[in-house]
Amino acid sequence: MKYQPFLLRCLLLALLIGFLASCNQSKKQKFSVEDVPDPKKSGGGYVSNPDHLISDATVTELNEKLSTLDNAGKAQVAVVILHSIGDNETRDFAHKLFNYWKIGDKEKNNGLLILMVEDARKLEFETGYGLEADMPDIICFRIQQEYMIPRIKEHNYDAAFTDGVKSVASLFDNGNYAYDMLPDLPGADASLMATDSETVATDEIPPPVTAGDAIDVAPQSFASTEEATSSASNDYTGDFSFMAIIFWLFISAAMMHVFFGKKAKRRKENADEEPLAVTAVPNEFLRPRWIGLIIIHAIAFYTIFYLITKRHMDVGFLKVCLIYYLVWLVFMHVAVLLIMLRTAVMLKNDDRHLKWLRLEVLRRDLRIAGYIFPLPYLWLYIMWLKNRLNHLRNDVYDCPQCAQSMHKLDEAEDDTYLEKGQVVEEKLDSVDYDVWRCDTCNTQTVLNYTNMRSALADCPSCKHKTYKCKKTVTKQRATTSSEGWGIKEYVCAFCAYAHDYQFVIPKISESSSSSSSGSSSSSSSSSSWGGGSSGGGGASSSW
């Protein structure tokens, strides 16, 4: 009978499961290097971007630059951008992936792996033996810190990898990774122009700038870099947890139903419909239903939109949950204010007994909300409502005959004044009866107090709340092309009246999961890596 604590536990369990499912989704999977899509097997590219953390246009641009670098025999670079690798350690994962794909030429060992793992907040460079002289660990670290990590912190992954690959290409093309600090070649002087028969001496060409000299060249470029970073930060749009929003769409619908109930269907006269259980009786004072859901989701969506676009914040699972919780908290307090106003008007002309019956339905639903939103106003209202119901039921009645005070009989004494059906109702905990007796004129008043959490219904024969579904039988199963049907067998625990009610089973919806999202396995001229192996060099950076 007392199903409300059970419903509360189910709701809290659902919240916990949803939280763990979203927050620890990556932790539940054990990733291996075999799970990472190899770009060489799907188009012959150099960039693996399975989680679409960078745009397709950026992938195309990177593939073109890395192809030029590879075809020139300078370096074979693989770029891997993943959201998560589960419980794996990023440095070890990069080393294993490098050797699994065999990046770089077999003879030159000129491979480089650039790996970013978003949820681990790690950027890894892994180099082959042949690159350790041209690209030592300190240069790898400088490229990460100066060209990639600042952009990654802004969630501007496109710029981070574009700049990073430019820096790597500049290192092999010009001997200087600081591509944006290279000096401009001086303009040609007409007085020094060579004649048709002369050629320019090779010693007039400025020598390449080495990595060690990069710090002293063009210091004014740092100002422009900082300005660009600031601009990118202002244009950054935060990310949000789509899983959390979907989760709250279902949770909000469930809470709206539990807190306020749903509007009872109109029952046709003389129709053979299944009886309405006491638990299905909705409160009469406020049922926001879909209008309330629209208001809640609109406010939550606007708040999330404001945070990710105006405040440039990431709104993860916890923040989405906090936003929805606060919106629901405000909504429930406004709802209680409206309920207080409506009860004052609607109960104005009712007697004490009828007021109790109508308010008890309201308390049945709101008490669950009091556990979920235990802040002062809502909780105080529920406590006040409980106290008022207690007064409505237990304050002394005056005798309708002699106007003297009556007294309430205890449970052992009041059975003498109850009918057999009423005694059965008390045993089934569907109704509790109070008997008030006047000692002066022996007048008795019997009042029924329905248990609003009871699953029983009114018996069509004896009219007592002793009617219950005993068995549900499926007569015809539903298919994808036709509905099914079954019967519910009801029996009265007092008068033994029995009746069957037919119900319809909806069609089974066909699954539209067509596995047409196959990955194109178009091969190109370079459908595999070069057969290189890792030398263990490289660098790691966090953000």
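The values are calculated or read from the model by the stated rules, or taken from the named source; none is laboratory data. Not measured: the values here are computed from a predicted model. For neighbour counting, all protein chains shown are included, and Cβ atoms are generated from backbone atoms with ideal geometry for every residue, glycine included. Side chains are part of the model used for accessible areas, which takes the heavy atoms of the whole protein and leaves out ligands, DNA and RNA. Shrake-Rupley method; radii C 1.70, N 1.55, O 1.52, S 1.80 Å.
Annotations for the structure displayed:
- Tabulated pairs, the stretch 54-79, first farther than 12 Å from V165 by Cα, second in a helix (DSSP H, G or I) and open to solvent by less than 10 Å² (accessible area, probe 1.4 Å), C-beta under 9 angstrom, 6+ apart or interchain: I54/L62; I54/A160; I54/F161
- A residue that is surrounded by fewer than 12 Cβ atoms within 10 Å (Cβ to Cβ) and over 28 Å from L338 (Cβ atoms) cannot be found anywhere in the stretch 444-451.
- Which listed residue is at pLDDT below 85 and either part of a loop (DSSP other than H, G, I, E, B) or on the phi > 0 side of the Ramachandran plot (or both), from G212, G187: G187
- Scanning the stretch 65-94 for residues that are in contact with a strand residue (DSSP E or B) (Cβ under 8 Å, 6 or more places away or on another chain) and either crowded, with 18+ Cβ neighbours inside 10 Å or in a loop (DSSP other than H, G, I, E, B) (or both) yields a total of 18.
- Any hit, the stretch 280-298, residues being more than 30 Å from K463 (Cα to Cα), open to solvent by 30 Å² or more (accessible area, probe 1.4 Å), in contact (Cβ under 8 Å) with a residue 12 or more places away in the chain and of a type in the set (V, I, T): yes
- Near pairs, Cβ below 6 angstrom, 6+ apart or cross-chain, from the stretch 460-487 (closer than 15 Å to E274 by Cβ and in contact (Cβ under 8 Å) with a residue 40 or more places away in the chain) to any residue that is part of a strand (DSSP E or B) and small (G, A, S): Y467/A457
- Filtering L359, L337 for residues that are out of contact with any strand residue (DSSP E or B) (no Cβ under 8 Å at 6 or more places or on another chain) and open to solvent by 60 Å² or more (accessible area, probe 1.4 Å) leaves a single hit, L337.
- Test: residue in the stretch 417-424 that is open to solvent by 20 Å² or more (accessible area, probe 1.4 Å), within 49 Å of the chain's Cα centre (by Cα) and in contact (Cβ under 8 Å) with a residue 60 or more places away in the chain: yes
- Residue among M346, M406 that alone is in contact with a strand residue (DSSP E or B) (Cβ under 6 Å, 6 or more places away or on another chain) and either on the phi < 0 side of the Ramachandran plot or touching a residue at least 40 places away in the same chain (Cβ under 8 Å) (or both): M406
- Contact map, the stretch 153-164: residues that are over 11 Å from V59 (Cα atoms) paired with residues that are aromatic (F, W, Y) and surrounded by fewer than 19 Cβ atoms within 10 Å (Cβ to Cβ), Cβ distance under 6 Å, separation 6+ or inter-chain. Pairs shown: K153/W543; E154/Y236; H155/Y236.
- Condition check for D134 on (1) in a helix (DSSP H, G or I); (2) closer than 16 Å to Y177 by Cα: one failure, at (1).
- For the stretch 425-441, the candidate set comprises residues that are among the acidic types (D, E) and open to solvent by less than 20 Å² (accessible area, probe 1.4 Å); within that set, the residue that is farthest from C399 (Cα to Cα) is E425.
- All positions within the stretch 493-505 that are outside any strand (DSSP E or B) and surrounded by 14 or more Cβ atoms within 10 Å (Cβ to Cβ): A493, F494, C495, Y497
- When L97, L123, L112, L62 are checked against the criterion of being in contact with a strand residue (DSSP E or B) (Cβ under 7 Å, 6 or more places away or on another chain), outside any strand (DSSP E or B) and within 20 Å of Y179 (Cβ to Cβ), L62 stands alone in meeting it.
- Just one of the listed residues (I143, I114, I85) is modelled with pLDDT of 90 or more and under 33 Å from the mean Cα position of the chain (by Cα), and it is I114.
Table: residues versus (1) basic (K, R); (2) at pLDDT below 95; (3) farther than 27 Å from L362 by Cβ.
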site	(1), (2), (3)
D439	no, yes, yes
N442	no, yes, yes
V446	no, yes, no
S454	no, yes, no
K463	yes, yes, no
